[in-house]
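The values are calculated or read from the model by the stated rules, or taken from the named source; none is laboratory data. Keep in mind that what you see is a predicted model, and the values were worked out from it rather than measured. Positions of Cβ are generated from backbone atoms using ideal geometry, with glycine treated the same way; all protein chains shown enter the neighbour counts. Areas reflect the complete protein model, heavy atoms only, side chains present, ligands, DNA and RNA absent. Shrake-Rupley method; radii C 1.70, N 1.55, O 1.52, S 1.80 Å.
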Amino acid sequence: MKIIFVVPSSQWLTSAGVRIRYQRLEPFFKINDCIINIIPIQDVSESYLRGADVVIISKVFSTDSIHIMTLCRNFGVKIGIDLFDDYFSDNRLSVFRRFHDWLELTSQIIDFIICSTDRMKSIASQYFNPQLIHKINDTKDAGITFSETKRLLDAKIVELSAKNHLNILWFGMGDNPYFNVGISDLSNYSNALFQINKLTNSINFTILTNERALNAKNLTRISRLPIQSKLEIWSECKEENYLRESHLAFMPVSHQNFSVAK
């Protein structure tokens with residue numbers, strides 16, 4: 001079986017979302033003779049679609065996605081969507097109106113929906129047959145075991161008790177276009193950092209985020225935080241290294257509940 005995930009752009013291929021949501025599943029699919037391809041929408045062709053058994057649209061809300069869905073129906077290819085984030089639960093926000101319209105339309109075309117939380121499954125059930133909505137949890141890194149995590153946490157507790165020194169990490173997208181959960185949110189809730197700062201005089205605070213978010217307004221917000229920070233541009237390697245050294249980490253997300261992996 002060949003499964004194609006269609007994502008918004010080539011830049012999206014390196015995102016944490018693709019890594020956690022799809023790439024980590026590849027070994028498990030291979031065991032069952034399934035092949036996964038993750039393709040930016042600009043690279044999708046009819047030949048790709050004809051050769052697939054299943055196509056899943058992820059975070060592409062344009063008319064192009066509807067065109068792909070229609071082609072899949074014509075080719076006899078099963079078509080689904082991944083409701084990656086919750087853009088659908090609040091009908092009062094006009095900025096999300098186009099997402100509601102998109103979901104209402106696509107629900108008449110698709111064969112199934114996947115999502116990562118019970119909340120999203122409940123929301124999707126307002127638009128689509130609940131029996132065809134499948135919850136697929138976000139994945140943890142297969143190379144990291146629970147026993148290794150416990151050993152690392154135990155070692156950090158001992159180190160923290162001995163040195164009274166805090167390594168704090170804030171990491172993630174700093175300029176989410178729909179949810180106020182980026183650098184602006186960090187600034188708005190900076191009193192939490194002020195309270196932490198009173199616990200010890202020895203703190204390393206790192207902000208690991210995307211370069212686009214570091215505009216003049218956000219840099220000003222960062223300069224006014226109660227703890228002096230070090231700025232780094234996000235990469236998967238940096239995220240892993242900083243998390244291993246951190247005692248406390250903040251991660252910006254939407255109002256959708258945390259997944260088990262997060």
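Looking only at segment 45-58, filter to residues that are in contact (Cβ under 8 Å) with a residue 40 or more places away in the chain and touching a helix residue (DSSP H, G or I) at 6+ places or on another chain (Cβ under 6 Å); which one of those is surrounded by the fewest Cβ atoms within 10 Å (Cβ to Cβ)? Across segment 45-58, the extreme among qualifying residues is LEU49.
Given (1) closer than 22 Å to GLU239 by Cβ; (2) surrounded by 15 or more Cβ atoms within 10 Å (Cβ to Cβ), where does GLN11 come up short, assuming only one miss? Failing condition for GLN11: (2). Determine which member of the set ARG151, ARG119 is open to solvent by 50 Å² or more (accessible area, probe 1.4 Å), at pLDDT 90 or above and within 30 Å of LEU243 (Cα to Cα). Only one candidate passes the filter, namely ARG151.
Take the conditions (1) surrounded by 11 or more Cβ atoms within 10 Å (Cβ to Cβ); (2) under 29 Å from SER94 (Cα atoms); HIS247 misses just one of them, which is (2). You will find that of ASP185, ASP175, the residue that is modelled with pLDDT under 90 and part of a helix (DSSP H, G or I) is ASP185 and no other. Only strands (runs of 3 or more DSSP E) whose full extent lies in segment 26-83 are considered here, and the ones with at least 3 residues that are over 21 Å from SER125 (Cα atoms) are 35-40. The residue of segment 184-241 that is nearest to the chain's Cα centre (by Cα), among those that are open to solvent by 50 Å² or more (accessible area, probe 1.4 Å) and within 13 Å of MET173 (Cβ to Cβ), is TRP234. Of SER10, SER47, all but one fail to be more than 22 Å from ALA142 (Cα to Cα) and modelled with pLDDT under 90; the exception is SER10.
For segment 59-103, taking the residues that are among the charged types (D, E, K, R) and over 23 Å from the mean Cα position of the chain (by Cα), the one that is most open to solvent (accessible area, probe 1.4 Å) is identified as ARG92. What number of residues within segment 154-172 satisfy the criterion of being within 21 Å of the chain's Cα centre (by Cα) and either in a loop (DSSP other than H, G, I, E, B) or modelled with pLDDT under 90 (or both)? Counting residues in segment 154-172 that are within 21 Å of the chain's Cα centre (by Cα) and either in a loop (DSSP other than H, G, I, E, B) or modelled with pLDDT under 90 (or both) gives 1. So for segment 15-32 (the condition being among the hydroxyl-bearing types (Ser, Thr, Tyr), without any contact (Cβ under 8 Å) to a residue 12 or more places away in the chain and farther than 25 Å from GLU104 by Cα), does at least one residue qualify? Taking every residue of segment 15-32 in turn, at least one turns out to be among the hydroxyl-bearing types (Ser, Thr, Tyr), without any contact (Cβ under 8 Å) to a residue 12 or more places away in the chain and farther than 25 Å from GLU104 by Cα.
Residue by residue, here is whether (1) modelled with pLDDT of 90 or more; (2) in a helix (DSSP H, G or I); (3) more than 27 Å from ARG21 (Cβ to Cβ); (4) not small (Gly, Ala, Ser) holds:
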position	(1), (2), (3), (4)
LEU199	no, no, yes, yes
PHE205	yes, no, yes, yes
THR220	yes, yes, yes, yes
LEU225	yes, no, yes, yes
LYS238	yes, yes, no, yes
SER254	no, no, no, no
PHE258	no, no, no, yes
ALA261	no, no, no, no
